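J.: One structure, as structure tokens, below. Some questions next.
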Amino acid sequence: QVRLVESGGGLVQAGGSLRLSCAASGSTSSINTMGWYRQTPGKQRELVASISSGGSTDYDDSVKGRFTISRDNAENTVYLQMNSLKPEDTAVYFCNYKAWFYNYWGQGTQVTVSS
């Protein structure tokens with residue numbers, strides 16, 4: 001079992017910044033992909049950004065240039081630096097961890113951007 005603990009969500013004004021963190025613990029693998037997804041009511045959960053243990057990144061076009069995903073040296077913690085936040089970024093953000101056949105999710109953290 002892999003446990004994911006998220007932090008950093010909150011309320012911010014448009015144009016502001018937040019930094020999300022997700023720490024993975026338990027039966028982690030050195031080869032994995034971690035990322036952030038977001039979901040709003042009535043909307044499908046969508047990928048925001050992901051990063052592999054090798055450092056390859058993937059961003060949704062809507063956040064490219066504003067958000068930056070990174071990992072620590074142990075590759076068990078993922079960060080999402082969110083700059084120039086917009087009201088449309090408001091959502092519940094979920095940390096995701098993929099390794100081999102396994103797929104784990106955090107409980108989600110609320111990000112609210114006011115206009």
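The values are calculated or read from the model by the stated rules, or taken from the named source; none is laboratory data. Keep in mind it's a predicted model, so treat the numbers as computed, not measured. FYI the Cβ positions are ideal-geometry reconstructions off the backbone, even for glycines, and counts take in every protein chain you see. Note: areas computed on protein heavy atoms with side chains; ligands, DNA, RNA excluded. Shrake-Rupley method; radii C 1.70, N 1.55, O 1.52, S 1.80 Å.
J.: Can you work out ³J(HN,Hα) from phi for every residue in the range 3-18, in order, using Karplus 6.51 cos²θ - 1.76 cosθ + 1.60 and θ = phi - 60°, giving whole Hz and x for Gly and Pro?
T.: Going residue by residue, I get 9, 10, 10, 9, 7, x, x, x, 9, 9, 7, 3, x, x, 9, 9 Hz, with x marking Gly and Pro.
J.: Further question: Within the chain, which is the longest segment that contains none of the trypsin sites (Lys or Arg not before Pro) sitting in a DSSP loop with at most 16 other Cβ atoms within 10 Å? Could you put the intermediate results ahead of the total?
T.: Details: sites that count: LYS43, ARG45, ARG66.
Here the longest run is 67-115.
J.: Could you work out the longest stretch of the chain that avoids the chymotrypsin sites (Phe, Trp or Tyr not before Pro) located in DSSP loops with at most 13 other Cβ atoms within 10 Å?
T.: Free of exposed loop sites, the longest segment is 1-99.
J.: What are the extents of the Cα atoms of the chain along their three principal axes, listed from largest to smallest and rounded to whole Å?
T.: Rounded to whole Å, the extents work out to 41, 26, 21 Å.
J.: Still on this structure: Which FRET efficiency value, to the nearest 0.05, is calculated for ALA23 and TYR102 with the Förster distance at 22 angstrom and r the Cβ-Cβ distance?
T.: Numbers: r = 17 Å, r/R0 = 0.78.
For R0 = 22 Å, the calculated efficiency reads 0.80.
J.: Provide the percentage of antiparallel DSSP beta bridges, counting only those with both residues in the chain; round to the nearest 5.
T.: On the way: 40 of 45 bridges.
The antiparallel fraction comes to roughly 90 percent.
J.: Counting only heavy atoms of the protein chains, get the accessible area per residue of the chain (1.4 Å probe) and round it to a whole Å² value. Present the calculation step by step, with values, prior to reporting the outcome.
T.: Details: 6240 Å² over 115 residues.
Value for the chain: 54 Å² per residue.
J.: Further question: Looking at the range 1-78, which GluC sites (Glu not before Pro) are DSSP coil and have at most 12 other C-beta atoms within 10 Å of their C-beta? List each step's numbers first, then the result.
T.: Details: sites: GLU6, GLU46, GLU75; in loops: GLU75.
The qualifying sites: there are none.
J.: Now for a separate question. Share of the chain's accessible area from carbon and sulfur, percent, 1.4 Å? Numbers along the way, then the final one.
T.: Details: 2970 of 6240 Å².
So the carbon and sulfur contribution to the accessible surface is 48 percent.
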